[in-house]
1. Which of A103, A145, A13 moves the most in a Gaussian network model of the chain with Cα springs under 10 Å?
2. Could you work out how much longer the chain between L136 and Q93 gets when fully extended? Use 0.36 nm per residue separation minus the Cα distance between them, nm to one decimal.
3. Just to be sure I understand the rule: take each whole DSSP H helix in the chain, project its Cα atoms onto its long axis, keep it if the span is 27 Å or more and its mean Kyte-Doolittle hydropathy is at least -0.5. Which ones pass?
4. 5 Å is the cut-off here: which amide hydrogens, built 1.01 Å from N in the peptide plane, fall below it relative to R105, excluding neighbours closer than 5 in sequence?
5. Could you tell me how many cubic angstrom of Cα convex hull volume segment 2-171 has per residue?
6. Report, in debye and to the nearest 20, how large the dipole of the chain comes out about its Cα centre when Lys and Arg carry +1 and Asp and Glu carry -1 on their Cβ.
7. GNM, the chain, Cα, under 10 Å: largest mean-square fluctuation among M155, M104, M112?
8. Pick out, from L57, A164, A140, the residue whose Cα sits farthest towards the positive end of the charge dipole of the chain, with +1 on the Cβ of Lys and Arg and -1 on the Cβ of Asp and Glu.
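None of the figures in this text is laboratory data; all of them are computed from the coordinates on show. Computed from a prediction, not measured in an experiment: that's the story for all the values here. So basically every Cβ, Gly included, is an ideal-geometry build from the backbone, and we count neighbours across all protein chains shown.
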Amino acid sequence: MIKLLGAVLILFAGTLIGFQQAARFAARPRQLRQLAHALQRLETEIGYGHTPLPEALGRIATVVPSPIADLFLLAAEGVAHDDGLSFRESWEQAMRQGWEATAMRAGEQAVMLRLGSALGISDKDDQLKHLKLALLQLKAEEDAAKEDQGRYEKMWKSLGVLIAVLVVILMV
């Protein structure tokens, strides 16, 4: 009876692990779309609204879902506080601090860090150009993420179950 209960728990845990890994592959393209949407809104705030960056980041944080909103909220808070940090420093700190909560990878983080080094130090037109470039790069990353999702999502689901079954067989 205890072996049967142990086998069921192992099967459940293995399946759960596989599905969690698959969920990360599914979350990455979705979060990249949300990040691109947030950058488009930032482009609108800068280009048409002439909104100061801290205020624009705060507004964006209210309309995009978490964990993307957290990145923009951390950046807005970093700029708003008088810690002596420049916009670039607070942007980098926010991206590094909040990135672990996302399903995105280092390539996307590098795009965002490059963008942060260009925002706030140049004129409106230059900032808009950098935003458009970041959007193009994120679109390429999103396409790669969709390919990875199609390739690996089903594999992880199956692999979790199969490894759990192997462990149960080896246990018996």
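1. A13
2. Value of the extension gain: 13.1 nm.
3. Taking the DSSP H segments of the chain (at least 27 Å long, mean hydropathy at least -0.5), we get 2-47, 124-171.
4. none
5. Working: hull volume 21.1 nm³, N = 170.
About 124 Å³ per residue, rounded to a whole number.
6. Numbers: 19 positive and 20 negative charges, 192 e Å.
Dipole of the chain, to the nearest 20 debye: 920 debye.
7. Maximum fluctuation in the GNM of the chain, among the listed residues, is at M155.
8. Selected residue: A164.
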